[in-house]
Amino acid sequence: MSIGLELVQRDLIFGAERDVRDLPTLNNGTPSASSLIQPVSPRSDLPEGSSAVHTLPPVDGGWRAWTFVISGFILETFIWGFSYSYGVFQNYYTSHPPFEKSSHIAIAAIGPTGLAIMFIEGLLLSFYHGRYPDYMKYTLWSGLALFVLALFISSFTSSIALLIFLQGICLGVGGGMMYWPSLSLLPEWFVRRRGLASGIMFAGGGVGGFVFPLLVEALLSRVGFRWTLRIWSLMMTVVGGVAILGVRPRIPVPKFNSGQRRQPFLPPNMLFHKRSVFWFFTVTYWLQAMSFFPVSLYIAVFTATIASPLSAAIALSLFNSAGVVGQVLIGYFTDRFPYPRIMFISAMGCCLSAFLMWGFADTLATIFAFAIVFGGLGGGFPSVLFAAAADSVGANAEQATTALTAVTCIKGIAAVLGPIVSSVLLEAGKRSSFNSSNLYGRFGFGPVVIFVGACAAATSLSTLAVAAARPGTKARF
């Protein structure tokens, strides 16, 4: 998630620009989501002389609209659900041939690399499809082909470098090419029921994040990683191919003649990067991601040190599913209170749970409790993204999408950097007194726990700067 609810609040990446003024606000002074997400008007970029007279399917209902939602749900489930299950693969790779003697840091980089690419890809694809909207269908099918081939070829490799390239880089590129176009078309199909439709779509990430770690663990224990990847590539070919058939635009895609002028890649007059609230929030969001992704990656590995691989998969499932609940609840409270206050509570809760629960965890019950608390508070943090983007763009509401995806790129960097730093700290912890005492941060995880807690504490302090930088007379905190 997903990436999840955080991306519907992105208002949606490839839609037409809108001139939105006099936005209604919530009682906390933040422009409401409904004021920024406007009904999609007919395309204004049709080539000169082409006909725009079509009988369009209905908005907010009908079998085509709900087919689109179901297709988006399936893609969300298989793309993000599988990516969030990498902790189970990591635990297997570090303890089974042919990778058990490979660098644990390199193994830890595989899953986060794919996630980072998918986060960063959104901004690039938004520019690309803004200029080439008629190529979106090719992007979807090319993404599926790359995703499936990356999985299938990975099943034959014994090289960690190739595994990073295939299961990390190629899988991330392919997943993003499928995910972002399906997200971008949602405003065409739903206006009044967009919240319901987006909630159904993004529930897929939670379903996949809960079910797939258990399924992956069962396959790995029975058939090994090679046949697990082959089986998954076959599943993705069938299920992903059917889902893409349902991802159709409601409004006819414009056709361009050779040499005809297209809109520029970069949107003109971007001003949000000149506002201090944008940069303070970007730093805060980066710090939060630095604390979140190491836990996402290592919760299964840590659990496996004191319990069975199945228990490790259950811990990861609880962590992922708690994030979905957190997204809904934090999104609800963000509509009613100033979002810096929600950020502070979320980050401080993660800080305390890391230091007090994970640090002293020595039973399965404590680990499960930590997975739920940290997963819910940390996984729900991105629900404030939309409100922060509204502050960042001010009256230029049509730039909200670009601001959102720019911040998401920063999260992509943290998705790689945080786990790598944690891997280095874990290796150091295994050679230090943390590993011998087992009083705090068992099995060498002490430095990782301190790193996660410190980043969460820094996040909570950084939210105060976001509150101070909020423009105008809005309620700051």
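The values are calculated or read from the model by the stated rules, or taken from the named source; none is laboratory data. Since the structure is predicted, the reported quantities are computational estimates derived from the model, not experimental observations. Neighbour counts are summed over all protein chains in view; Cβ atoms, including those assigned to glycine, are modelled from backbone coordinates with ideal geometry.
Here are some notes:
- Hey, ASP362 in a helix (DSSP H, G or I) and of a type in the set (Asp, Glu) or not: no
- Residue that is modelled with the highest pLDDT, among those in the stretch 457-473 that are exposed (fewer than 15 other Cβ atoms within 10 Å of the Cβ) and of a type outside the set (A, V, I, L, M, F, W, C): PRO471
- Failed item, numbered, when TYR332 is tested on (1) out of contact with any helix residue (DSSP H, G or I) (no Cβ under 7 Å at 6 or more places or on another chain); (2) surrounded by 16 or more Cβ atoms within 10 Å (Cβ to Cβ); (3) part of a helix (DSSP H, G or I): (2)
- Within the stretch 152-266, helices (runs of 4 or more DSSP H) holding 3 or more residues that are within 18 Å of the chain's Cα centre (by Cα) and surrounded by 16 or more Cβ atoms within 10 Å (Cβ to Cβ): 171-184, 194-245
- Residue within the stretch 84-96 that is farther than 30 Å from SER311 by Cβ, at pLDDT 80 or above, more than 27 Å from the chain's Cα centre (by Cα) and part of a loop (DSSP other than H, G, I, E, B) present: no
- Set side by side, the residues PHE374, PHE344, PHE337, PHE370 differ, and just one is closer than 18 Å to GLY206 by Cβ and of a type in the set (Phe, Trp, Tyr), which is PHE374.
- Any hit, the stretch 387-405, residues being in contact (Cβ under 8 Å) with a residue 60 or more places away in the chain and under 23 Å from ALA109 (Cα atoms): yes
- Condition check for GLY130: under 28 Å from MET270 (Cβ atoms) and part of a helix (DSSP H, G or I): yes
- Some residue of the stretch 208-221 being charged (D, E, K, R) and not assigned by TED's automatic domain parsing to the domain that holds MET178: no
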